[in-house]
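Student: Below are the C-alpha cells for one structure; questions will follow.
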C-alpha cells in the first residue's frame, strides 16, 4: 500500500480478522487471506515473539471419490454460482505443518474467491451448502475454506480436473508431494 497509514493497515487487516481471527494464520506463510474456514481452529503459537506455523498444502489421495468427483465439483460450483460467489478456483487439499508427514487436516475444499468480493456471512452460508453437498455424496469430515486469491487463466471459465483423476489415500503419504492438485 503506497502511502498507507497505520490506521489503513489495521483497517485492511480487521476487514477479515474482525469476523475470522485466524484469517492470516491458517495458511501461513503464503499470506493468503482466509475469509472463513469450517471445522476446528488450527493450532497457532502465542506469546510476544510467536512465529507463524508454516503450513504445507498436500494433495488429497482418495481413490474412492475419483469416479464421482467431477459431478461433486459441478454441484459445488453451481451452488457457488447460485449464491453469486465470485470464485476463482476450487481445490481439494490436505494440510500438514512443515516437516510433519501426517496432515492435521486431511481434506479441505479450498475455494478461491476474488479479493474483497465475499462477506464473512456469505462465506459461512456458502460453506454450509458445500458441506451439505459433500455429506450427500458420502464425504463427511471434509472442511471448507474460502481464501482470497487471483487465478490468471488464458480464456474463459476454469476447466475442471478430468474425471479420470485419482486421489489415492493420504495415509500412504510419507513425504510432502511436490505439487497440490488444482484445476488447469
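Student: Consider a paramagnetic label point 7 Å from the Cα of residue 56 along Cα→Cβ; state which residues of the range 74-104 have an amide N under 12 Å from it.
Tutor: Within reach of a label on residue 56, which here means backbone N under 12 Å from a point 7 Å along Cα→Cβ, the range 74-104 contributes 95-104.
Student: If you don't mind, there's one more thing I want to ask. Please give the residues of the range 52-82, grouped as numeric ranges, whose backbone N is less than 20 Å from a label point set 7 Å along the Cα-to-Cβ vector of residue 104.
Tutor: 52-61
Student: Find how much the distance from residue 83 to residue 137 grows on full extension, using 0.36 nm per residue of separation minus their present alpha carbon separation; answer in nm with one decimal.
Tutor: Details: separation 54, 0.36 × 54 = 19.44 nm, distance 2.03 nm.
So the extension gain works out to 17.4 nm.
Student: For residue 43 and residue 151, what does the FRET efficiency come to when R0 = 41 Å and r is the distance between their Cβ atoms, rounded to the nearest 0.05? Walk me through the intermediate numbers first.
Tutor: On the way: r = 28 Å, r/R0 = 0.69.
It comes out at approximately 0.90.
Student: According to the square roots a ≥ b ≥ c of the eigenvalues of the Cα gyration tensor, what is the shape class of the range 17-97, taking rounded for a/c under 1.5, prolate for a/b larger than b/c otherwise, and oblate for the remainder? Please report the intermediate quantities before stating the final value.
Tutor: Details: a/c = 2.99, a/b = 1.62, b/c = 1.84.
Because a/c hits 1.5 or more and a/b fails to exceed b/c, the range 17-97 counts as oblate.
Student: In addition: For residue 19 and residue 97, what is the calculated FRET efficiency with R₀ set at 30 Å and r taken between the beta-carbons, to the nearest 0.05? Don't jump to the answer; show the numbers that get you there.
Tutor: Details: r = 25 Å, r/R0 = 0.83.
Between residue 19 and residue 97 the formula returns 0.75.
We did not get these values from a lab; they are worked out from the coordinates using the rules stated. Since the model is a prediction, treat every value here as computed from it, not as a measurement. Backbone-built Cβ (ideal geometry, glycine too); neighbour counts: all protein chains shown.
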